[in-house]
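Everything on this sheet refers to the single structure shown next.
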Amino acid sequence: MEETVVKTYLQKSLDEWKEDISQVLDQIALEYEEVAQELKVYSYKYGITKQVIQSTVNEEIIESIRERYHKPFEENFNQLKEYIRDLEEKRRVFQMFIHKIDEVTRKESAKQFS
């Protein structure tokens, strides 16, 4: 009886922790989607300005476009790419938690039925 109470407590604690981590993962997923959309926008802006620069012969206009659009778009694009990589790493780490909790749960369940 007492062993069952301990196992139930263990399972309940692991389930609560997994739920908390799942909420963190959900938040990361939402943030990832927002950043990915913004990254797509800057990818297009960067690509368009690059094409316009390549099609322009006037150096003064090219320099103006680079300063006003191309460089800021490139900086934002690179920052967003870095942020996406950070979010992917966070997601990977928190998914490891879920995986490890599931492993322990499976082992404990197997012990309970053996």
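The values are calculated or read from the model by the stated rules, or taken from the named source; none is laboratory data. The structure displayed is predicted, hence computed values, not measured ones. A quick note on method: Cβ atoms are made from the backbone with ideal geometry, for glycine too, and the neighbour counts reach across all protein chains shown. Note: areas computed on protein heavy atoms with side chains; ligands, DNA, RNA excluded. Shrake-Rupley method; radii C 1.70, N 1.55, O 1.52, S 1.80 Å.
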Query raised in the report: When the chain is treated as a GNM, springs tying every alpha-carbon pair under 10 Å, which of Q23, Q54, Q95 comes out with the largest mean-square fluctuation?
Result: Q54
Query raised in the report: At what distance in angstrom do the alpha carbon centres of segment 16-39 and segment 57-77 lie from each other?
Result: 34 Å
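Write out the chymotrypsin sites (Phe, Trp or Tyr not before Pro) in segment 19-114 meeting two conditions: DSSP loop, and at most 15 other Cβ atoms within 10 Å of their Cβ. Intermediate results must be reported in sequence, preceding the final value.
Working: sites: Y32, Y42, Y44, Y46, Y69, F73, F77, Y83, F94, F97, F113; in loops: F113.
The qualifying sites are F113.
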Query - Rounded tilt (10° steps) of 71-112 against the dominant C-alpha axis of the chain - result: 10 degrees
Query - Separation of the K111 and R66 label points, Cα + 7 Å toward Cβ, nm - result: 6.6 nm
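Would you work out the relative contact order for the chain, in percent, from Cα pairs under 8 angstrom that are 6 or more residues apart? Don't jump to the answer; show the numbers that get you there.
Values: 51 pairs, mean separation 48.2, N = 114.
Relative contact order here is 42 percent.
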Report summary line: To the nearest 10 degrees, the tilt of helix 2-55 (Cα long axis) against the first principal axis of the alpha carbons of the chain is 10 degrees
Report summary line: Sorting L30, L25 on solvent-accessible surface, 1.4 Å probe, most exposed first, gives L30, L25
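With runs of 4+ DSSP H residues as the only contributors, calculate the mean residue ellipticity of the chain at 222 nm using -39,500 (n - 2.57) per run, divided by the residue total and rounded to the nearest 500.
Numbers: 3 runs with 103 residues, N = 114.
For the chain, the value works out to -33000 deg cm²/dmol.
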Query raised in the report: Kirkwood-based Rg over Rh for segment 50-113 (C-alpha set), two decimals?
Result: 1.55
Query raised in the report: Between V104 and Q23, what length comes free when the chain is fully extended (0.36 nm per residue of separation minus the Cα-Cα distance, one decimal in nm)?
Result: 27.2 nm
**Report entry** Whole-number accessible area per residue in Å² for the chain, which is evaluated in the context of all protein chains at 1.4 Å
**Finding:** 77 Å²
**Report entry** Proximal lysine pairs, the chain, alpha carbons under 20 Å, eight or more residues apart or interchain
**Finding:** 21
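Computed over the Cα atoms of the chain, what is the ratio Rg over Rh, Rh following Kirkwood?
Working: Rg = 24.6 Å, Rh = 17.9 Å.
Ratio of gyration radius to Kirkwood radius for the chain: 1.38.
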Report summary line: Taking protein heavy atoms only, a 1.4 Å probe, and rounding to whole percent, the accessible area of the chain owed to carbon and sulfur comes out at 54 percent
Report summary line: Expected max-MSF residue from I21, I61, I53 in the GNM of the chain (alpha carbon, under 10 Å) is I61
